[in-house]
């Protein structure tokens, strides 16, 4: 190749990417929630469930050792299970609402 053909080829190559960009349709950026946020929710949820089962096991063990009738054990374990179940249900309800809100906001864009 000579100097003239090199000089003529350089502007043609520089124009090719600009023409390709002009031919491609513009795409709106899509917002995705960070995977670390989703993983943190899963970790906290799993930890909460494990802690609840451990707590219920401890309460059941103490109730069986302290009370002699099944109705007393049932009353103690039932009271604790109600509170723990309510708290866990509220936690997962808030998490489901937050992820639904993120999905709705991502759909609006």
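Just so you know, all these numbers are worked out from the coordinates, no wet-lab data involved. Everything numeric in this text was worked out from a predicted model, so none of it was measured. Cβ atoms come from the backbone with ideal geometry, glycine included; neighbour counts cover every protein chain shown.
Once the C-beta distance of residue 58 and residue 103 is scaled by a Förster radius of 30 Å, the resulting FRET efficiency is 0.20 to the nearest 0.05.
Using only alpha-carbon positions, what ratio does the radius of gyration of the stretch 36-109 give when scaled by 2.2 N^0.38 Å?
The reported ratio for this selection is 1.55.
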